[in-house]
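J.: I'd like to ask you about the structure that follows.
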Amino acid sequence: MMKKQLLSLLLCLMLHPVFAEAGTACTEKPQSAETVQKAFQLAIKTREALDASGAEVALVGRVGQDLSKYNLHYSHMAFVWRDHPQGRWLAVHELNQCGTANSALFNEGLANFFFDDMFAWDALIVTPSPNMQAKIVALLKNTAYLKHVHEPHYNMVAHPFSTKYQNSNQWVLEILSSAMSEELFTSRSATQTWLKQANFKPSVLRISTLKRLGGRMFQANVAFDDHPNADRFAGNIAVVTVESVKEFVKQQDSAVQELTVSLQ
Amino acid sequence: MKQLLMATLLATAIVSPLSALANGSAASLDASKTLSVGVGSIVVGSASLVAASGQIVVESVENTADGVLMVLHGVGAGVSEAGKFSLKITGDVSGAASVAVGQSVEVVAETAGSAIIASGKVIAFIPNALGKSLMHHSEL
């Protein structure tokens, strides 16, 4: 009887559409004219706000998912660099590749950055002090270091103090750590030790056992094995989020400016 | 039957909610490859014709090494053979590849360029100077 139940469960999981999509290659779907229009409009407004800020580098956040159940709004963060050698105001960020367990680093225009099924057409701009900006720009010019800090084993819920995986916001945070500490860390574990000492506070998401099981089994880009057992069993999953990076930057740099750009 | 229903409910509960956790991932991933719409450029004919043509018909669609080459012509009063142009589409060509010869497409002028629309979806976007200045994609 138990066997039958298990079989039914497995069959059902196999038929579920999420299973079919999880961790597979990118499925490209045609966009509506409205989506294209909005992506460009938000890109234009964001660029205008960046130009008006006088900044040479900032952090930009987008809302790719509805994270309201976790009390979060922005899902993904990038550096946006005015005088990027390949074009003005390009985003520099880590992206998971099509739901696989890997990521890579990309330079992207602001339209590319917002071109997606955004859950909300809002952009967060966090501008550090000019002194901090200069340090960040120096790091962005150091492509070898950007790659050195990058861990291609992607996990959207990567533990902030584990080097096994890395999520997109974690890469931004670990680059920022070098700017803030003025130290080119030789390893991610050294960076994370500094982050702990500097009192970085990750977001803690409440994720039940059932959700954890489903995520691990059926999505290549979700893993929980880097989280301490006690936290995992209690359903407390610590993650580097846009909000936690923003709060940490504010804690480290009192002159930081924050603004939101939204489409009406 | 009850068992199967239970199993179904359980399975749905397990696999559904995680997608909401995505961080620059799942939904954003299509964007990680390139702008998730074909990027068009006029290779023969005038771009101004695109703006002037309300309704356009697909004359031919040809797969090339780096994308799709589509020949289109305007229809309606006053439109001659000169109202024909070739559009090269690169990037995401999934929309363009599904367009049939003889099918009508629509051109919608937007702030950053012109969208070529078939069956309500953008099959290609022809960026103007403003659009081009906001587009870039390269791996580090």
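J.: Would you point out which residue out of A:Leu59, A:Leu11, A:Leu6 is closer than 30 Å to A:Asn155 by Cα and modelled with pLDDT of 95 or more?
T.: A:Leu59
J.: Moving on. Scan A:Val149, A:Val137 and give me the residue that is among the β-branched types (Val, Ile, Thr), touching an Asp or Glu at 6+ places or on another chain (Cβ under 7 Å) and more than 14 Å from chain B (Cβ to nearest Cβ).
T.: The unique qualifying residue is A:Val137.
J.: Which of the residues that make up segment B:95-109 are closer than 30 Å to A:Val80 by Cβ and in contact (Cβ under 8 Å) with a residue 12 or more places away in the chain?
T.: Scanning segment B:95-109 gives B:Gly95, B:Ala109.
J.: On to the next question. Of these, A:Asn199, A:Asn167, which one is in contact (Cβ under 8 Å) with a residue 40 or more places away in the chain and crowded, with 22+ Cβ neighbours inside 10 Å?
T.: Sole residue among the options that is in contact (Cβ under 8 Å) with a residue 40 or more places away in the chain and crowded, with 22+ Cβ neighbours inside 10 Å: A:Asn167.
J.: Is it true that some residue in segment A:92-104 is under 18 Å from the mean Cα position of the chain (by Cα), surrounded by fewer than 22 Cβ atoms within 10 Å (Cβ to Cβ) and charged (D, E, K, R)?
T.: no
J.: When only residues in segment A:30-43 that are within 7 Å of another protein chain (Cβ to nearest Cβ) and part of a helix (DSSP H, G or I) count, which is nearest to A:Ala123 (Cα to Cα)?
T.: Residue satisfying both the conditions and the ranking: A:Ala43.
J.: Let me ask you something else. Which strands (runs of 3 or more DSSP E) does segment A:52-110 wholly contain that include 3 or more residues that are more than 8 Å from chain B (Cβ to nearest Cβ) and closer than 17 Å to A:Ile175 by Cβ?
T.: A:57-63, A:76-84
J.: Residues A:Asp66, A:Asp122: which one is more than 15 Å from A:Ala179 (Cβ to Cβ) and at pLDDT 95 or above?
T.: Being more than 15 Å from A:Ala179 (Cβ to Cβ) and at pLDDT 95 or above holds for just one of A:Asp66, A:Asp122, which is A:Asp122.
J.: On the basis of being over 24 Å from A:Leu72 (Cβ atoms) and surrounded by 14 or more Cβ atoms within 10 Å (Cβ to Cβ), does A:Ser178 make the cut?
T.: Taking the combined requirement at face value, the residue satisfies it.
J.: Please determine whether any residue of segment A:213-225 is crowded, with 22+ Cβ neighbours inside 10 Å, among the aromatic types (Phe, Trp, Tyr), within 14 Å of chain B (Cβ to nearest Cβ) and within 19 Å of the chain's Cα centre (by Cα).
T.: No: zero hits.
J.: Oh, and also: Within segment B:10-113, considering only strands (runs of 3 or more DSSP E) that don't extend past its boundaries, which have at least 2 residues that are modelled with pLDDT of 85 or more and touching an Asp or Glu at 6+ places or on another chain (Cβ under 7 Å)?
T.: B:67-74
J.: Continuing with this model, one more query. Exactly one of (1) at pLDDT 95 or above; (2) over 18 Å from A:Phe40 (Cα atoms); (3) touching a Phe, Trp or Tyr at 6+ places or on another chain (Cβ under 9 Å) is unmet by A:Ser75. Its number?
T.: (1)
J.: If you take the residues of segment B:116-134 that are at the interface with chain A (Cβ under 7 Å from one of its Cβ atoms), touching a Ser or Thr at 6+ places or on another chain (Cβ under 9 Å) and touching a residue at least 12 places away in the same chain (Cβ under 8 Å), which of them is farthest from B:Val93 (Cα to Cα)?
T.: Among those that are at the interface with chain A (Cβ under 7 Å from one of its Cβ atoms), touching a Ser or Thr at 6+ places or on another chain (Cβ under 9 Å) and touching a residue at least 12 places away in the same chain (Cβ under 8 Å), it is B:Gly131.
J.: Another one. Given the conditions (1) away from every other protein chain (no Cβ under 14 Å); (2) within 25 Å of A:Asn71 (Cα to Cα); (3) of a type in the set (Gly, Ala, Ser), and given that A:Ala158 satisfies all but one, which numbered condition is not satisfied?
T.: In the conditions (1) away from every other protein chain (no Cβ under 14 Å); (2) within 25 Å of A:Asn71 (Cα to Cα); (3) of a type in the set (Gly, Ala, Ser), A:Ala158 misses (1) alone.
The values are calculated or read from the model by the stated rules, or taken from the named source; none is laboratory data. Bear in mind that the values here come from a model prediction, so they are computed numbers and not experimental data. No Cβ is skipped: glycine too gets one built from the backbone with ideal geometry, and neighbour counts run over all protein chains shown.
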